[in-house]
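Presented below is the structure to which this report refers.
The values are calculated or read from the model by the stated rules, or taken from the named source; none is laboratory data. Remember, predicted model here, so these are calculated numbers, not experimental data. Here the Cβ is made from the backbone with ideal geometry for all residues, glycine too, and neighbour counts use every protein chain on show. Calculation scope for accessible area: heavy atoms of the full protein, side chains included, ligands and nucleic acids excluded. Shrake-Rupley method; radii C 1.70, N 1.55, O 1.52, S 1.80 Å.
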Amino acid sequence: MKKIKCECGHINPEGTVLCEACGKPIEENQHIDGNDKSKLLNMRYDGSARRSLTYNRSIIDKIWSFFSSVKVGVWLIVITLVASSLGTIFPQEMYIPAEAENRNPAFFYEDWYGLLGKIYYQLGFHELYSSWWYMILISLIGISLVICSIDRVVPLHRALKMQKPKRHETFLNRQRLFSGSKNVSSKEKQQLIENLKKQRYKVRNEDGHILAEKGRFSRWGPYVNHIGLIIILIAALLRMTPLLFLDEYVWVREGQQIVIPGTDGEYYIENKEFILEAYDDNDERFKDAIARMGGNVASNYQTNLIIYKNVDASIPGAEPKLEKVVEDKVFMNNPLKFDGYTLYQSGYQQNEFSTMSFIIHETDDPEEKAIDTFTVDLSEPETEYELDSGFRVVIDKYYPDYVLEDGEPRSETKFPRNPAYVFFIYPPNSKSPEISFIGIGKNIDATGENKYKLGISDFEMHDVSGMTLRRDYTLPLFGLGAFIFMIGVVQGMYWQHRRIWIHPKENEMLLAAHTNKNWYGIKKDIEKIISGTNIEMVVDQQELNELDKKQGG
């Protein structure tokens, strides 16, 4: 690695623009910060050597230079924001309304939003925020933030740490604020130092050369912002891991006890009772609103439930051994919390079929006297039923939520809301089945030659609760990242890094100053500092240059 030795004796890293010790411009590197085209020095990074502007030989150097660019970081953020907005056009899969007839995304988006919804689903936008390419965008932003920060903060910290009070004269007269004063007495110089201390500047003295500095910590504000943003991005990526983030939806029928998905068989839920309450149609406060909604607007729906824990969940193949964890009620805006999980009442479905009973009778029997009966449990229908009378019934096709579309039967959902069946009926001692299609209000003899006929004799119905289970251990990380980010905002916004240099010469004293922002503030400081002395007020050379350009134009 090439080193650059300054005339002051300090050894600078390759790519240094201004000597870290005395500030003298390194002639061959002035193009890096654009100092070759300006009368004033670019002090944004104090002329420190940045890797991205120094090395460009290997593939690693090129990757580093690419991600250290602020423009690249901004474009990555813009692309991610545009991508994020696409995910808000239609609801994400996890937010498909509970009242949707079919919550299967393959059908939901097309049913509700037509062709655009179908395209939205086929492009994978229904799970946009968990898609691999979106995670790559988030990761690239994180990489850009890390490299941008390291590329700037490390050399800047080194440059500020190495700076000496004794600065090169060229460094001083190319600062934005500069003045030269003649015949300054030692008493006035001492008064100047005392005034600096009164303004809470930290004063360093080297052979009569003075460096007064305050607010250096504000220079680290943007990098503290970056740390906060990186923590937030890490939290966003960790939400993709089931260990730290869980969001599951489960339907539980009244009286049903099932394992809660996403808990690896550790927790079970039992729906003791579902309660639905509606606003009074005759209440004058709600009458008009209810009419606009088509009537029957729910004011509350709740589930009285029991949560169990399977204490043998860690033993493979063991029968569940359930212990009650909590018995409570869950209703709108009143979730249930247990063992790090939160359970929400998210939806409901009324009048789903639980069981359906059938009779077998002779086709030409006007009284439809039952030869035999059987019952189908619609939550777990069997494929075959052996009856005492010798009949055998096989369910060839089962449509839980039957619809006829383009002449073809299909099920809109997996829930038994409008069940229909294709039955094969085998009479005693017969190997040839009779085929029947049975549904609500439908009883079709497929051949027209059946000797036996099926009929619905009874059914039971139930209500179903839609419950959302969530566990989110990433929220503290989001909070920590946001807190650190705000510290950086305050740190960089309300304080400024101000430096004042005093350079004694024969019968003259040079005064120069720099701040990273609020030039008006540092000018007011200097006015107070030189008050009562013969020291000349600094001149804003940038304003003079701009004035000269206007007059020359």
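Per the listing Ile230, Ile210, the residue uniquely touching a His at 6+ places or on another chain (Cβ under 9 Å) and open to solvent by less than 50 Å² (accessible area, probe 1.4 Å) is Ile210. Based on this model, can you work out whether Gln491 counts as touching a residue at least 12 places away in the same chain (Cβ under 8 Å), of a type in the set (S, T, N, Q), over 21 Å from Val203 (Cβ atoms) and surrounded by 13 or more Cβ atoms within 10 Å (Cβ to Cβ)? Yes; evaluated as a whole, the condition is true for this residue. Restricting the search to strands (runs of 3 or more DSSP E) fully inside region 411-453 and requiring at least 1 residues that are of a type in the set (S, T, N, Q) and crowded, with 18+ Cβ neighbours inside 10 Å gives 434-439.
Flag not set for Glu460, criterion: acidic (Asp, Glu), without any contact (Cβ under 8 Å) to a residue 60 or more places away in the chain and either over 30 Å from Glu188 (Cβ atoms) or open to solvent by 10 Å² or more (accessible area, probe 1.4 Å) (or both). Taking (1) over 37 Å from the mean Cα position of the chain (by Cα); (2) open to solvent by 80 Å² or more (accessible area, probe 1.4 Å); (3) over 28 Å from Met94 (Cα atoms) in turn, Pro316 satisfies each apart from (1).
Taking each residue of region 152-176 that is open to solvent by 10 Å² or more (accessible area, probe 1.4 Å) and looking for partners that are among the aromatic types (Phe, Trp, Tyr) and modelled with pLDDT under 90 with beta-carbon atoms closer than 8 Å, six or more apart or interchain, yields Arg152/Tyr45; Pro155/Tyr45.
Taken over region 168-219, the criterion of being among the basic types (Lys, Arg) and either in a loop (DSSP other than H, G, I, E, B) or closer than 24 Å to Val17 by Cβ (or both) is satisfied by Arg174, Arg176, Arg200, Arg204, Arg216, Arg219. Tell me yes or no: at least one residue of region 273-281 is exposed (fewer than 14 other Cβ atoms within 10 Å of the Cβ) and outside any strand (DSSP E or B). The answer is yes; a qualifying residue exists.
When Ile79, Ile60 are checked against the criterion of being part of a helix (DSSP H, G or I), touching a helix residue (DSSP H, G or I) at 6+ places or on another chain (Cβ under 9 Å) and either surrounded by fewer than 18 Cβ atoms within 10 Å (Cβ to Cβ) or without any contact (Cβ under 8 Å) to a residue 12 or more places away in the chain (or both), Ile79 stands alone in meeting it. Residue count for region 376-395, restricted to those that are touching a strand residue (DSSP E or B) at 6+ places or on another chain (Cβ under 7 Å), open to solvent by 70 Å² or more (accessible area, probe 1.4 Å) and within 27 Å of Arg417 (Cβ to Cβ): 2.
When restricted to residues that are assigned to a helix (DSSP H, G or I) and buried (at least 19 other Cβ atoms within 10 Å of the Cβ), region 2-42 contains 2.
Just one of the listed residues (Tyr113, Tyr45, Tyr55) is modelled with pLDDT under 90, open to solvent by less than 60 Å² (accessible area, probe 1.4 Å) and over 21 Å from Ile230 (Cβ atoms), namely Tyr55.
Exactly one residue out of Val252, Val224, Val203 is farther than 17 Å from Asp525 by Cβ and in contact with a strand residue (DSSP E or B) (Cβ under 6 Å, 6 or more places away or on another chain): that is Val252.
Right, Glu368: modelled with pLDDT under 90 and out of contact with any Phe, Trp or Tyr (no Cβ under 7 Å at 6 or more places or on another chain) or not? Considered against the rule, which asks whether it is modelled with pLDDT under 90 and out of contact with any Phe, Trp or Tyr (no Cβ under 7 Å at 6 or more places or on another chain), Glu368 comes out as yes. Residues in region 246-272 that are surrounded by 14 or more Cβ atoms within 10 Å (Cβ to Cβ), assigned to a loop (DSSP other than H, G, I, E, B) and without any contact (Cβ under 8 Å) to a residue 60 or more places away in the chain: Gly265, Glu266.
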